[in-house]
1. Name the long-range amide H neighbours of T149: under 5 Å, sequence gap of 5 or more, or other chain; modelled H, no Pro or chain starts.
2. If you bin the C-alpha pair distances of segment 183-263 every 10 Å from 0, what whole percents do you get?
3. Taking Cα centroids, how far is segment 246-275 from segment 140-168 in Å?
4. How large is the Kirkwood hydrodynamic radius of the chain, counting all unique pairs of alpha carbons, in Å?
5. Could I have the simple spin-label model distance between A145 and E59, label points 7 Å from Cα toward Cβ, reported in nm to one decimal?
6. Take the Cα pairs of segment 26-177, get the Kirkwood Rh, then feed it into Stokes-Einstein at 4 °C and 1.567 mPa s and tell me D in µm²/s.
7. Evaluate the Debye formula for segment 224-353 with equal point scatterers sitting on the alpha carbons, no solvent, and hand back log10 of I(q)/I(0) at q = 0.23 Å⁻¹, in q order, two decimals.
8. Under 5 Å between amide H atoms, partner at least 5 residues away or on a different chain: which partners does G38 have, H built in plane at 1.01 Å?
Amino acid sequence: MSSTKVLPFLELPIVLAPIAGPGTVELTAAACNAGAFGFLACAYRTPAQIRDDIARLRELTGKPFGVNLFVEPPLPHVDPAVLSQAYERLRPYHEELGVELQATPPLPPDHYAMQVEAVLEARPAVFSFIFGVPDAVTLQRFKSAGIYTMGTATTVDEATALARADVDIVCAQGSEAGGHRGTFIGDAQSAAIGTLALVPQVADAVDVPVIAAGGIIDGRGIVAVLALGAIAAQCGTAFLRATEASTTPAYRTALTRARARDTVLTSAFSGRLARGIANRFTTEMAREDRQAPYPFQNALTRQLRTSSASQGKADFMSLWAGQAFPLGRGASAAEIIGEMMQQARAALDDATLRLR
């Protein structure tokens with residue numbers, strides 16, 4: 001699948017990844033208006049917020065866009081004592097920031113089914129998801145509504161599982177990618193396969209379009225994954241310093257001062273493996289026995305992350321970033337996309353000359 005004709009909403013081979021946190025409605029709209037295909041990250045939004053965000057997005061762009069959710073099963077039972085212990089371990093950090101710890105550990109919301117309804121109601125061009133495969137009834141409802149579906153795979157086994165479920169598009173997420181690993185079959189650590197190795201194997205294994213993600217931050221990366229069999233590159237870290245992103249000053253500073261080797265895979269913030277820039281919290285909370293399982297750890301650390309960001313301290317923030325983050329720059333989304341396309345054309349011309 002090498003032609004964008006199978007995906008009529010693709011204008012350029014660039015997809016703005018769903019970026020939770022720094023991603024904004026304005027960033028998605030700007031990316032869409034510049035010719036990329038933009039996703040809106042809605043996993044942490046309530047159904048009402050999803051409706052409001054999509055309505056606002058439609059005011060800012062007439063271009064097609066996508067919406068992303070986490071596939072969330074019903075909340076598992078977790079011993080309250082385990083949650084309390086994990087929460088108590090966070091007390092010193094709250095005290096350091098001068099934030100009072102709540103009396104009882106906060107619980108994560110259980111509104112995935114209602115989120116799905118909000119997305120269906122809004123009818124975006126694409127519904128993308130991570131951490132699993134929605135049930136067959138849900139997928140069929142999207143298909144009947146004329147909405148493309150896209151699932152995230154970190155291994156060939158996951159990609160074939162998505163294809164068997166009749167998902168329209170597979171996003172092959174290499175281990176270089178920033179943010180949460182999308183692994184849903186097996187162990188996330190063992191599924192940390194690089195983009196260069198993963199994309200061609202997935203492209204050969206499934207008969208649906210493949211979009212590549214992970215370590216793609218400029219035009220050279222776009223050309224590389226197109227050559228590997230992808231029809232587009234999904235980029236998130238490239239837009240963390242975009243004008244339209246809500247990336248905090250402390251986060252932006254970390255992106256300019258850290259080095260590529262400073263990223264780590266950590267479950268300290270959410271209980272699920274994710275790649276970000278190492279900081280004090282990822283180091284001190286590295287032992288998994290100090291954490292609650294996902295999504296409870298994510299709920300327990302939310303106040304800590306928010307307070308750290310508001311105080312301009314990066315020590316306790318989740319600084320999600322892919323391994324190529326040092327190549328990023330601050331500019332508008334349109335400028336970033338324009339530069340990517342210029343670099344891609346130049347890289348293709350150079351490769352063509354070398355192959356003669």
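1. When sequence neighbours closer than 5 places are left aside, the close amide H contacts are F127, D168, I169.
2. 16, 37, 33, 13, 1
3. 29
4. On the way: mean 1/r = 0.0486 Å⁻¹.
Its Kirkwood hydrodynamic radius stands at 20.6 Å.
5. In this crude spin-label approximation the distance works out to 2.2 nm.
6. On the way: Rh = 17.6 Å.
For the chosen part, D equals 74 µm²/s.
7. Treating every Cα as an identical point scatterer, log10 I(q)/I(0) equals -1.35.
8. The answer is L16, C32, G66.
Just so you know, all these numbers are worked out from the coordinates, no wet-lab data involved. Quantities reported herein were computed from a predicted structural model and do not represent experimental measurements. Ideal geometry is used to build each Cβ from the backbone, glycine not excepted, and the neighbour counts take in all protein chains shown.
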